[in-house]
């Protein structure tokens with residue numbers, strides 16, 4: 001069954017009963033009834049209240065069972081102790097959808113959670129769908145329905161945005177702010193506790209809704225991240241999803257045995273999830289609407305090249321700094337464009353980019369300059385910053401911007417500094433569909449997000465290679481180790497395991513005595529690496545347990561004795577010395593995985609070595625990784641320049657690194673036994689045959705049966 005099955009009864013009802021309707025102003029039951037009628041709901045409205053005969057000039061019924069007509073949707077606004085009996089009556093009546101406004105359920109603690117589960121048992125028994133409890137209501141502005149089933153004081157504007165809010169308290173503010181900005185909604189839903197219908201169900205519903213072209217989300221938690229990913233990936237190829245996710249910090253840090261765990265903060269999983277399904281994440285409701293009004297009214301730019309037009313030097317510099325600082329290209333204009341500008345602007349004007357027409361610029365000059373910049377083949381989008389001098393009519397400037405915009409398919413975002421978004425000129429631009437911002441920094445960040453979305457739409461989906469043959473066997477081996485009580489797999493044992501998966505690893509050998517170390521070094525070939533290994537010794541470098549670049553027998557003997565002495569000082573009776581070939585001429589990377597309690601395994605790739613937690617140049621994604629995902633993880637690192645050749649250095653063969661990431665993804669996917677895993681370093685060399693893991697550690701979950 002589709003997640004969105006039955007939602008028509010909630011968002012496209014032909015009849016609505018308000019159980020708990022009242023005539024007393026200021027009550028939720030009265031306001032919902034009033035909003036349904038005043039907004040022009042096209043179906044039938046039935047107030048339900050045993051203590052009233054008429055509400056809002058409409059006949060009132062003592063129970064939903066007394067209504068003679070069939071009911072599609074019931075809005076429940078009664079005391080929490082009455083909700084279960086009302087749900088039973090709705091089920092017996094054959095109601096298809098229910099919106100429970102009432103609070104006092106899971107959000108208040110264990111007793112409320114029991115009450116919510118009892119409610120859901122009845123809902124499932126009757127085959128109904130429910131939004132809430134503890135919610136603000138639902139809206140559908142389509143002219144066939146005109147349903148405002150909320151208790152908002154602000155009537156929503158019709159539009160093409162579907163908005164889902166997990167917070168009912170934000171509902172009033174969202175609707176009010178959107179109206180001030182002239183932003184309209186196709187549908188709005190406050191989902192409250194998400195007892196049944198969640199954000200995933202709404203995404204599934206809006207994916208096929210032609211009236212919904214943009215989706216906005218305010219999220220506090222994820223119920224099923226894997227389902228969200230599958231649905232959102234499909235939607236974002238045709239409709240942008242913009243989200244605010246609250247809760248970026250944790251109360252405390254979790255102790256981890258891996259670098260991956262130490263680097264994976266609470267919010268890393270959210271960012272990884274959104275990146276892999278093309279969702280645009282913003283930090284605030286204000287940024288959400290900054291981006292929403294741009295997508296709502298302007299085309300997506302074809303690239304990141306912007307032209308800036310202003311009549312004031314300072315604001316033009318602000319816009320330039322903001323755009324360049326966020327990664328936009330404040331492009332060099334075509335010579336023909338500059339020629340036109342010089343011929344039509346005063347000598348004092350700056351005709352580069354930004355174009356500063358100076359304060360005396362007329363509306364006609366604005367129009368001319370915008371036409372020229374829009375026609376420039378080097379320009380993908382325009383930023384217009386206007387500071388109205390007393391002698392210039394801002395309405396005529398607004399009209400000039402509107403006229404120029406009608407002659408191009410390139411997006412315009414405007415800033416009216418001084419009068420702000422509420423001026424007469426700004427209002428005229430809004431009506432014409434040209435977004436207005438108070439400051440240019442908001443325009444720069446908005447364009448950057450639009451460019452990111454355009455790149456996502458062009459991005460190939462990528463292929464998901466099958467798991468290497470050795471992955472299944474390795475899982476079996478790890479299961480046996482865990483059953484034997486082992487929770488840490490370190491050093492040579494961990495390298496042997498990942499090698500069996502198909503991840504290349506530099507072999508090492510245990511030297512039980514110094515003479516054997518001499519023989520192994522001769523066999524491997526100097527220089528070599530000596531390592532101290534012991535059960536429970538997780539970070540060898542912290543105890544001086546790694547010696548690199550051992551060049552001869554004399555150095556080996558000295559370092560061997562030093563390592564054995566350190567083992568004795570730290571009371572490591574099972575310590576052993578291992579000899580490993582020294583890999584030179586490569587870049588040290590780190591690969592890893594940590595299991596997030598909400599999102600499951602998070603795959604990490606970054607600059608490795610002993611400073612991995614200092615540099616923090618890492619990228620995270622969720623498995624399964626596609627080949628495109630693996631490429632992006634490396635491509636987004638600052639260390640990428642070290643891998644692709646820097647100041648004459650050789651470029652590295654990245655294929656072994658990519659293959660290792662894909663194998664790691666398949667190893668940990670759907671295998672909860674591995675709680676953390678580090679491969680550090682994984683040395684990437686110009687000759688791919690020499691690349692491989694130098695050290696590894698695997699943390700296993702306990703209590704395996």
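The values are calculated or read from the model by the stated rules, or taken from the named source; none is laboratory data. Since the model is a prediction, treat every value here as computed from it, not as a measurement. Positions of Cβ are backbone-derived with ideal geometry, glycine not excepted, and every protein chain shown enters the neighbour counts.
In segment 666-679, how many residues are surrounded by 24 or more Cβ atoms within 10 Å (Cβ to Cβ) and in a strand (DSSP E or B)?
Residues meeting the conditions: 4.
Considering every residue within segment 93-102, establish whether at least one is within 19 Å of residue 136 (Cβ to Cβ), modelled with pLDDT of 95 or more and part of a helix (DSSP H, G or I).
No, the conditions are met nowhere in segment 93-102.
Could you please let me know if residue 647 is assigned to a helix (DSSP H, G or I) and either more than 17 Å from residue 619 (Cβ to Cβ) or touching a residue at least 24 places away in the same chain (Cβ under 8 Å) (or both)?
no
Given 146, 128, which one is in contact with a helix residue (DSSP H, G or I) (Cβ under 8 Å, 6 or more places away or on another chain), assigned by TED's automatic domain parsing to the domain that holds residue 193, over 21 Å from residue 3 (Cβ atoms) and surrounded by fewer than 24 Cβ atoms within 10 Å (Cβ to Cβ)?
Only one candidate qualifies: 146.
Starting from residues that are touching a strand residue (DSSP E or B) at 6+ places or on another chain (Cβ under 9 Å) and part of a loop (DSSP other than H, G, I, E, B), keep the ones in segment 222-238 and report whichever is nearest to residue 112 (Cα to Cα).
Our first condition is that a residue be touching a strand residue (DSSP E or B) at 6+ places or on another chain (Cβ under 9 Å); within segment 222-238, this holds for 222, 225-226, 232, 235-236.
Filter once more, so that each one left must be part of a loop (DSSP other than H, G, I, E, B): 222, 236.
Details: 222: 20, 236: 36 Å.
Only one residue fits best here, namely 222.
For (1) surrounded by fewer than 21 Cβ atoms within 10 Å (Cβ to Cβ); (2) modelled with pLDDT of 95 or more, each residue gets a yes or a no:
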residue: 13; (1), (2): no, yes
residue: 16; (1), (2): no, yes
residue: 19; (1), (2): no, yes
residue: 24; (1), (2): yes, no
residue: 28; (1), (2): yes, yes
residue: 37; (1), (2): yes, yes
residue: 42; (1), (2): yes, yes
residue: 50; (1), (2): yes, yes
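So, of the residues in segment 154-163 that are in contact (Cβ under 8 Å) with a residue 40 or more places away in the chain and surrounded by fewer than 23 Cβ atoms within 10 Å (Cβ to Cβ), which turns out to be farthest from the chain's Cα centre (by Cα)?
In this case the residue turns out to be 155.
How many residues does segment 199-224 hold that are under 18 Å from residue 599 (Cα atoms), surrounded by fewer than 23 Cβ atoms within 10 Å (Cβ to Cβ) and without any contact (Cβ under 8 Å) to a residue 40 or more places away in the chain?
Adding up the residues that qualify gives 2.
In segment 372-394, what residues are at pLDDT 95 or above and surrounded by fewer than 18 Cβ atoms within 10 Å (Cβ to Cβ)?
Within segment 372-394, 375, 377, 378 meet the criteria.
Quick one: which residue in 602, 661, 637 is under 16 Å from residue 590 (Cα atoms), in contact with a strand residue (DSSP E or B) (Cβ under 7 Å, 6 or more places away or on another chain) and part of a strand (DSSP E or B)?
Being under 16 Å from residue 590 (Cα atoms), in contact with a strand residue (DSSP E or B) (Cβ under 7 Å, 6 or more places away or on another chain) and part of a strand (DSSP E or B) holds for just one of 602, 661, 637, which is 602.
Residue by residue through segment 115-146, note down the ones that are part of a strand (DSSP E or B), over 26 Å from the mean Cα position of the chain (by Cα) and more than 21 Å from residue 181 (Cα to Cα). Break it down into steps so the answer makes sense when it comes.
Applying the first criterion (part of a strand (DSSP E or B)) to segment 115-146 yields 129-131, 137-140.
Right, trim to over 26 Å from the mean Cα position of the chain (by Cα) and you get 129-130, 140.
Correct list: 129, 130.
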